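Take a look at this one; I'll ask things after.
Nothing in this text is a laboratory measurement; each read-out follows from the coordinates by a stated rule. Being a predicted model, the structure only gives us computed values, none of them experimental. So basically every Cβ, Gly included, is an ideal-geometry build from the backbone, and we count neighbours across all protein chains shown.
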Amino acid sequence: MLNKLKSQMLNLGLKFISVDEKVVRMILETGSSNINEIVLLPAVKLVMKKLVNRLQNKIVHGRVYNGILNGIKVSIIRSQVGCPNMALTLECLKRSKAKIVVRVDFCGGIYGENNTINIGDIVIPKTAYCGDGTSSEYIRANQTLLNRLESITNPLSATLNLIASPQTIFISKPNEILKELLIREARSLYPGKVSKESHLWTTDALFCETYEFLRALNSINIKAIDMESSILFLLGQLYNLKVASILSVSDLPGHAQYDLLNSNEIHPDMNVGISNAIKILISVLPKIQHSL
């Protein structure tokens, strides 16, 4: 009887809000009106904490932290790790007044003999290869995207029998204006700390970065790997949001000393790098707002 009464009260309340509003409240635990036009999306707790500590006039609405950074109103939302979580967050932002979304977090650097990327370097991706499963589902459900995306044959097919992996890898891109603003600011504040080639691969499977996998990425000039940017760029295009990523290299998969999954050693530049990425983002916020 009590459960039935609760359900009736809940359904009565839902009659006064739209389905879109219900989605936002269900996922972000607040109303869509509490989300600002500029949204910053860290994934891990460390980066979220660093950002929130810099926030002035902080007000918390569920999972949304609002406040001022460098004179600009922003919302900070921890997307959590992975493309499925990023997609859930972006579905909420689509249903709000958000217009600009910037991911700031860590990425891995692809280690190789001819790769000059180092821990602590700032990576601002100009492309994201959709090696994740969420992007392919959105492309399946929104097939008009097929005519708007570049693609390549999966580089893993050169050395492995692709039983379950896709034969085609699609490529998503950030907003060009946002990307260039971030690159110029990074080069101004920290010359030499921006990866010269910032193609990025996004994966769902952190623990499946085998030697063959890393060698395949090296073969197509991929310099970094993350778990969120491909779907961020893809849904930015689909939902008309201006999106970009600014990342700091935390580890070097395949490196004997600084492979996160095979070593306990933390490079001293890891914390410095993410702090620099945050400083770049905060510094460029007035220019980003001007691009609205």
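Using the scaling law 2.2 N^0.38 Å as the reference, what is the normalised Cα Rg of the chain?
This ratio for the chain stands at 1.03.
What spacing in nm lies between the two simple spin-label points modelled at Ser33 and Lys279, each 7 Å away from Cα in the Cβ direction?
About 4.0 nm, to one decimal.
What is the Cα centroid distance between the stretch 245-291 and the stretch 137-191, reported in whole angstrom?
One Cα centre to the other: 20 Å.
If one takes the longest principal axis of the Cα atoms in the chain, at what angle in degrees, from 0 to 90 and to the nearest 10, does the Cα axis of helix 83-94 lie?
40
Can you tell me the order of 137-149, 99-111, 165-177 when each peptide is scored by its average per-residue count of other Cβ atoms within 10 angstrom, highest first? List each step's numbers first, then the result.
On the way: 137-149: 12.7, 99-111: 25.3, 165-177: 18.0.
Highest mean packing first, the order is 99-111, 165-177, 137-149.
Which angle from 0 to 90°, rounded to the nearest 10, does the C-alpha axis of helix 229-239 make with the longest principal axis of the chain?
50
Let me ask another. Can you give me the distance in nm between label points at Arg184 and Asn240, each placed 7 Å from the Cα along the Cα-to-Cβ direction?
Here the answer is 2.6 nm between the modelled labels.
Let me ask you something else. Once amide H atoms are built 1.01 Å from N in the peptide plane, which residues 5 or more positions from Gly131, or in another chain, come under 5 Å H to H?
Thr202
Just the number, please: Stokes-Einstein D of the stretch 145-227 in µm²/s, Kirkwood Rh from C-alpha pairs, 10 °C, 1.306 mPa s. Present the calculation step by step, with values, prior to reporting the outcome.
Working: Rh = 14.8 Å.
For these conditions, the coefficient is 107 µm²/s.
Would you work out which of Asn85, Ser136, Leu55 lies farthest towards the positive end of the dipole of the stretch 28-147? Charges go on Cβ: Lys and Arg +1, Asp and Glu -1.
Value computed over the given set: Leu55.
Around Val101, which amide H atoms from residues at least 5 apart in sequence, or from another chain, sit under 5 Å from its own amide H, with H modelled in the peptide plane?
For Val101, the qualifying residues are Val39, Lys242, Val243, Ala244.
Another question about this same structure. Report, in debye and to the nearest 20, how large the dipole of the stretch 2-290 comes out about its Cα centre when Lys and Arg carry +1 and Asp and Glu carry -1 on their Cβ. Walk me through the intermediate numbers first.
Numbers: 32 positive and 24 negative charges, 299 e Å.
Computed about the Cα centre, the dipole is about 1440 debye.
Helix 2-14: angle to the longest alpha-carbon principal axis of the chain, degrees 0 to 90, nearest 10?
80
Another question, then. Could you work out how much longer the chain between Met26 and Lys99 gets when fully extended? Use 0.36 nm per residue separation minus the Cα distance between them, nm to one decimal. Could the numbers behind the result be given before it?
On the way: separation 73, 0.36 × 73 = 26.28 nm, distance 2.09 nm.
Full extension from Met26 to Lys99 adds 24.2 nm.
If you don't mind, there's one more thing I want to ask. Name the long-range amide H neighbours of Asp121: under 5 Å, sequence gap of 5 or more, or other chain; modelled H, no Pro or chain starts.
Val249
Same structure, new question: Using 0.36 nm per residue of separation minus the Cα-Cα distance, give me the extension gain between Gln143 and Gln257 in nm, one decimal.
Values: separation 114, 0.36 × 114 = 41.04 nm, distance 4.33 nm.
Taking 0.36 nm per residue and subtracting the Cα distance, the gain is 36.7 nm.
Could you run the Karplus curve 6.51 cos²θ - 1.76 cosθ + 1.60 with θ = phi - 60° over the stretch 71-78 and give me ³J(HN,Hα) per residue in whole Hz, x for Gly and Pro?
x, 10, 6, 9, 10, 10, 10, 7
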